[in-house]
1. First select every other residue whose beta carbon is under 14 angstrom from the beta carbon of R469; then total the charges, Lys and Arg +1, Asp and Glu -1.
2. Out of every Cα-Cα pair in region 154-217, what percent are more than 16 Å apart?
3. Could you tally the net charge around I520, taking each other residue with its Cβ under 10 Å from the Cβ of I520, Lys/Arg +1 and Asp/Glu -1?
4. Given R₀ = 60 Å, what would the calculated FRET efficiency be for D33 paired with D376, taking r from the Cβ atoms and rounding to 0.05?
5. With a point put 7 Å past each Cα toward its Cβ, work out how far V478 is from T254 in nm, to one decimal.
6. Give the shape of region 352-437 as rounded, prolate or oblate, defined through the alpha-carbon gyration tensor: a ≥ b ≥ c are the square roots of its eigenvalues, a/c under 1.5 means rounded, and otherwise the shape is prolate if a/b is larger than b/c and oblate if not.
7. Rolling a 1.4 angstrom probe over the protein heavy atoms, how many square angstrom per residue are accessible across region 1-145?
8. Would you mind classifying the chain by shape? Square roots of the alpha carbon gyration tensor eigenvalues, ordered a ≥ b ≥ c; an a/c under 1.5 is rounded, otherwise it is prolate if a/b is larger than b/c and oblate if not.
Amino acid sequence: MLIPDWDFEIPELTRQVAKAAFPKGNILLTVRDELGPFFEDKAFQEIYPAIGQPTISRARLALVTILQYIENLSDRAAADAVRSRIDWKYMLGLELEDAGFHYSVLSEFRARLLDGAMELGLFETLLAQFESKGLLQKKGQQRTDSTHILGAVRRLNRVELVGETMRQVLNTIAVIERDWMLQHSDREWVNRYGTQMSDYRLPKGRAKRKAYAEVIGQDGVTLLQMLDDMTTPEWLRQLPAVQVLRRVWIENYTWDKQGRLRWREDKERPPAAKAIWSPYDHEAQFSKKRTTSWVGYKVHFTETCDEDLPRLITHVETTPAPVSDIGMTPPIHEALREKGYLPETHLVDSGYVNADALVTSQQVYEDDLVGPTRPDTGWQSRADNGFAARDFTIDWENKQAICPDGKQSVYWTPAINNKGKSVIQIHFSKLDCRPCHLRPQCTRTNPPRRGITVQPQAQHKALLAARKREKTKSFSDVYSQRAGVEGTFSQGTRVCGLRQARYIGLAKTHLQHLFTAMAINILRVGNWLAGIPLAQTRNSAFVRLHAAALTA
């Protein structure tokens, strides 16, 4: 049966009831009246067959998913809203008596989007609609920042981790290969892994827990040996749950000199940022930023911040939690260029700025990367009268440096620093440094000999220029607009449930973030069209009290 061609015109009765129900207006009604339904069914032909059972409009499903994120609803609650909410029916162009659909359709729709790699296309289609209405411009100012995302898994201690890993692989095999599981499992495993591992059920005391962990470890080794037997089907050994079991066992167990399985000490384990923290989502990783530690992911939002237009998110990146912000500066720039939304001025915090990023933004992307640079940590830079690397004149052509006292360097050596970056190590002669009257402000080595390390010419000059610009008032005026992106994360967290991942895995979590960005964009466009001013920074009652007293 052919899928029907859905008509997105708003039924007259739906229009009349909605206008009567919202005489003072409604964001969804305003957006629908001004911008239309956004998507078309024919755009989804690749992920839905032309022949099959009748289905709800795919374009409507995309809108329902955005509306679901606008109000942070579950699939079941979103399906109920389609049946019962007049503003949703208006947005979707449905008759009042339309019974909607079963909530499971939404998870199937998301799965099809991911299988067809269409999620980014939906986001870009929405941006194109905003651009066609004059709400988004190609150039201008944009700002980028990131925030942490908690994985949709429970945070486990090490004993819970190995126990839950064993439990997961047993349940997985029990579902897909029952006979093999019955023949190869130990009855004692039912008592050990039949219910969820929980800290309160584990033995008390460090020694007892270690012994229990080694019992679990031996069970895992026994299972892996049976799986590796030649009589076991190859596909069973390749199950993702089995591969996770192998990796978790490598990370947490080793063999002693007598060939016995041994629980690894904490110092013997791989770095926390590379280890598996949950068998149910092995892509959710551990990270720590200042006092905040979490297991999950990180999301980067880039949004416009021009004065005469709504603030709209133009790009979304989702990464494992340990990925640094500076590592995302080039991918974000490249993605913006491919979309045609590369800004003239890009406002970021210090995590996105280093010398390489400054050079690349200027020479490759021709945009102005504005953000504070990392400070020089040398004691000379911190001292009020010390001589830092910036105080030395670099003669790049002759490969020499001249110190503040006019002495020339004697060594110029290209090298690689501990971060794998190309640098130049420059040293001065002890004969010049020992009698120098500026030595207390320059070096504390014994015997006295000053050395400086600088980056290649383009990076060194870009870094010096950026640090010089940071001290100007014009920099402060421009950079003050970057703080507004914090409001985006606040809105995403408080309104759309951004902080907690809904789904398992990086790809599905990225899908969540794209729909969150679309939901925020719809809300902001609706407020803009309705003439609602931008929200101001929220202050506590105590702060407001003192602010009022100062202005009185």
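The values are calculated or read from the model by the stated rules, or taken from the named source; none is laboratory data. Since we're looking at a predicted model, the values are computed, not measured. Backbone-built Cβ (ideal geometry, glycine too); neighbour counts: all protein chains shown. Please note that ligands, DNA and RNA were not included when accessible areas were found on the heavy atoms of the full protein model with its side chains. Shrake-Rupley method; radii C 1.70, N 1.55, O 1.52, S 1.80 Å.
1. It works out to a net charge of +3.
2. Everything past 16 Å amounts to 46 percent.
3. +1
4. With R0 = 60 Å, the Cβ-Cβ based efficiency is 0.60.
5. 5.2
6. Because a/c hits 1.5 or more and a/b exceeds b/c, region 352-437 counts as prolate.
7. Roughly 48 Å² per residue, with all protein chains present.
8. Since a/c reaches 1.5 but b/c is at least a/b, the shape of the chain is classed as oblate.
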